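Structure record follows, encoded as structure tokens.
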Amino acid sequence: MQEMEIDSIRANVVNYQRVVILKQKEGDRYIPIWIGPSEAEAIAVRLHDVSVPRPLTHDLLFNMIGQMGGVIDHVVVSRLDHDTFYAVVVINVGERKLEVDARPSDALALAVRAKVPIFAADDVLEKAGVQIDRETGAAVVGSDSPEDAASPSADPPRPLGREERERLSAFEDFIESLDMGGLGEDEQDPGQKKKD
């Protein structure tokens, strides 16, 4: 598993669909995940410490877990199957460790409330991880680490195909706006980048 962090939440200017961009904490790969507008708001509200007069659904769930004796330990984007991401929320309840199936958007909304680590399974990062080629500025998918390149079963990085680019259309603006001198420090509207 690789630790990730929420880099930004973007909206596709054509259809206004939201995408959350996860960035590898100790690397330069990104995972774009489509999410609903209410989940995007639920994540953004906590990232920017916006106070709301009444608990949102994810606040309620977080509070219920705590009042029932549970503590959220971490969340994992655990699987990618037919362009659908899956996640688990890992909760400690006494001596037991529970793994609760969740949509990634809900898991991320809980993670920002609990201030816990976010992980991605290695195979998810392999399938959906996007890197920026420093020389050309083009997006590539796959792995470029020397260890992976040495593995005969590993797929080398390859340019994004037309279908992949269409699926990642909201990610296009993000890719094109990256400052190659400081990956992840792209210019964007205030409120779309998490506070440091």
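The values are calculated or read from the model by the stated rules, or taken from the named source; none is laboratory data. These figures come from a predicted structure and were not determined experimentally. Methodologically, a virtual Cβ is constructed for each residue, glycine included, from the backbone with ideal geometry; neighbour enumeration extends over all protein chains shown.
May I ask you to say which residue of Val71, Val20 is surrounded by 21 or more Cβ atoms within 10 Å (Cβ to Cβ) and either under 16 Å from the mean Cα position of the chain (by Cα) or at pLDDT 95 or above (or both)? Break it down stepwise before answering.
Working: Val71 fails: surrounded by 21 or more Cβ atoms within 10 Å (Cβ to Cβ).
Going through Val71, Val20 in turn, the sole match is Val20.
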Would you point out the residue of region 35-67, among those that are within 20 Å of the chain's Cα centre (by Cα) and among the charged types (D, E, K, R), that is surrounded by the most Cβ atoms within 10 Å (Cβ to Cβ)?
-> Arg46
Pick from Val19, Val50, Val90, Val75: which is of a type outside the set (Asp, Glu) and in contact with a His (Cβ under 8 Å, 6 or more places away or on another chain)?
-> Val90
Among residues of region 112-131, those that are under 10 Å from Val75 (Cα atoms) and either part of a strand (DSSP E or B) or polar (S, T, N, Q) (or both), counted = 3
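Being at pLDDT 95 or above and not acidic (Asp, Glu) is the requirement here; does Val52 meet it? Show your work before the answer.
Values: at pLDDT 95 or above: no; not acidic (Asp, Glu): yes.
No; evaluated as a whole, the condition is false for this residue.
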Restricting attention to region 76-94, which residues are surrounded by 14 or more Cβ atoms within 10 Å (Cβ to Cβ), among the β-branched types (Val, Ile, Thr) and either modelled with pLDDT under 95 or in contact with a Pro (Cβ under 8 Å, 6 or more places away or on another chain) (or both)?
-> Val77
